[in-house]
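Beneath this line is the structure, given in structure tokens, with notes to follow.
Only the coordinates and a few stated rules stand behind these numbers; no lab work does. Given the structure is predicted, the values throughout are model-derived calculations rather than measurements. Note that we place each Cβ from the backbone using ideal geometry, even for glycine, and neighbour counts take in every protein chain shown.
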Amino acid sequence: MMSGRLKAGVSEKELKPEVGMAMGDGALVTTGFRTPIFCKAAVLSNGHDEVAVVALDLIGIDRPDAMRAARLAHERCGISPNAVLMACSHTHHGPAVLPTLHTYREYCQGGYDEARRRREREFVGEVVDTIADAVSDAHHHQQEASIGLATA
């Protein structure tokens with residue numbers, strides 16, 4: 001990695017699942033949301049290398065979906081898909097987005113059908129698009145920055 005002037009950009013996007021989706025804790029249907037959930041991105045660059053760090057208020061994100069989001073971010077702003085790091089808060093009180101949870105509900109809970117599965121996959125598509133938007137916005141809003149360290 002070469003050194004250069006540090007630039008940083010940040011972005012925050014609200015994720016808006018619809019009421020009635022299954023939840024990450026296995027509950028079949030949400031009845032409402034008390035607090036918003038977010039996708040937050042920070043992009044750091046030294047003029048030669050660039051990295052994005054994305055935080056998601058979700059139980060997790062499936063690898064193929066994360067890779068699709070990283071490729072889409074690359075298409076929108078040029079950041080390498082290999083330079084996009086994603087982390088999830090692992091909240092069980094957000095929407096279900098993992099295919100393994102779909103399988104669990106299908107076999108262990110009544111009332112989970114193809115329409116619910118399709119609605120969840122549509123939301124995952126929205127999450128993927130939101131991740132790419134957040135990374136792209138953070139990339140395009142970079143400004144000179146500095147990092148400091150203090151000890152007590």
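Brief remarks on what is shown
- Taken along the Cα-to-beta-carbon direction at a fixed 7 Å, the label points for Asp25 and Ser80 span 4.1 nm.
- Partners for Lys16 among aspartates and glutamates (Cα-Cα distance below 13 Å; same-chain residues under 8 apart left out): Asp57, Glu120, Glu122, Glu126, Asp129
- Residue-span extension gain [Asp113 to Ile147] - 0.36 nm each, minus C-alpha spacing: 7.2 nm
- Note, ³J(HN,Hα) from phi for region 131-139, Karplus 6.51, -1.76, 1.60, rounded to Hz, x at Gly and Pro: 4, 4, 4, 5, 5, 4, 4, 4, 4
- Magnitude of the charge dipole, region 1-89, Cβ model with Lys/Arg +1 and Asp/Glu -1, debye to 20: 220
- Basic side chains Lys and Arg get +1 at the Cβ, acidic Asp and Glu get -1 at the Cβ, and with that the dipole of the chain about its Cα centre reaches some 80 debye.
- Contact order for the chain, expressed relative to its length and based on alpha carbon pairs under 8 Å spaced 6+ residues apart, stands at 34 percent.
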